[in-house]
Amino acid sequence: MPWIRRLLALLLLLDPAFCNYSEDQCSWRGSGLSQEAGSVEQISLHCAEGSLEWLYPAGALRLSLSPRLPTGPAGKEKPQHVTACIKSSSSFRGAQIYLERDGVLELLLSEMEAALQPKVRCFRWLSGEKVALFLQSTLHQDISRRIAAFRYELRGEWNAHFSWPWRNLSVEDAGTCRPCNNTEILMAVCTSDFVIRGNIKSVSNNREAQESIIGVSATRIHRQKFALFQPVGKSGKSTGNIHTLLRCGVKPGPGSFLFTGWMHFAEAWLTCAPRYKDFIRIYEEARQAHENPCEVSLD
């Protein structure tokens, strides 16, 4: 793709003011029919989550991601890294997605992969580093049924253990499977999207997606960003599912746990899950030492 590399070098010299912005700077929707043949449309989005929908792909798109992320814990203003994930639509057709880093393109998602089922691809970069997504249309005689669409999410990382699960085959993060230490447990309880006390009812494995789904019966909901756990049946007990990586080897077992984690494309993903009795001990020790990052209402 020599012509793409030459074009990228030219685009990097352009003033950002010439980029096209969406109205809300979070999402973009456009048509390849309005593009000149062989052109590259510049797009810049500035939100932590949003979507892109490219109808009748023709030519190429270059999407710059520069989110305005919130400040981090413990007074750290800037994250060490930024993690981005994209999830293709079920009808993704007509384009391939490349990661552009330092003027070099790396295939992130091929049209063939996306056509089989929705795919999630994640990548990470250092704060201050410039990256972009490059969407190249593929050749088809009939583009009338082609729509390249995906959702994206971005977040800052101050601690690698709290990163989103890597589901890109070229990148692995073994840290997501190790047990959280005491400091990480306390921070997870204070900052996670959900904090649920409960019991493991089931574990199902999806080998194709390399995920395990933990069925949890909640005994207390300390916090949840969305209604993940809702009352079910006559008992009125709240139940829900939490995802983790298959290679973490989660198995059902007795006892009460404190489940914490993040929302990721409307799914709950596990960060830390200490046994509740262990969390009580850790919390009380930190409280007596005046080292708790936040207050938690205990039974």
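Among the residues of this structure, S212 does not count as one that is in a loop (DSSP other than H, G, I, E, B) and among the small types (G, A, S). Of all residues in segment 240-295, those satisfying the criterion of being crowded, with 17+ Cβ neighbours inside 10 Å and part of a loop (DSSP other than H, G, I, E, B) are V250, A273, P274, N292. Checked across segment 242-257, the condition of being in contact (Cβ under 8 Å) with a residue 24 or more places away in the chain, within 13 Å of I200 (Cα to Cα) and within 17 Å of the chain's Cα centre (by Cα) holds for at least one residue. When the strands (runs of 3 or more DSSP E) confined to segment 28-141 are screened for residues that are at pLDDT 90 or above, those reaching at least 2 such residues are found at 28-31, 40-45, 49-55, 60-65, 81-88, 95-101, 104-109, 131-137. Scanning segment 244-299 for residues that are of a type in the set (K, R) and more than 24 Å from R155 (Cβ to Cβ) returns K251, R275, K277, R281, R287. Assess whether V203 counts as being part of a loop (DSSP other than H, G, I, E, B), out of contact with any Phe, Trp or Tyr (no Cβ under 7 Å at 6 or more places or on another chain) and either surrounded by 18 or more Cβ atoms within 10 Å (Cβ to Cβ) or modelled with pLDDT of 90 or more (or both). So V203 fails the test.
The values are calculated or read from the model by the stated rules, or taken from the named source; none is laboratory data. Small disclaimer: the values here were computed from a predicted structure and weren't measured. Reconstructed Cβ throughout: ideal geometry from the backbone, glycine too, with neighbour counts over all protein chains shown.
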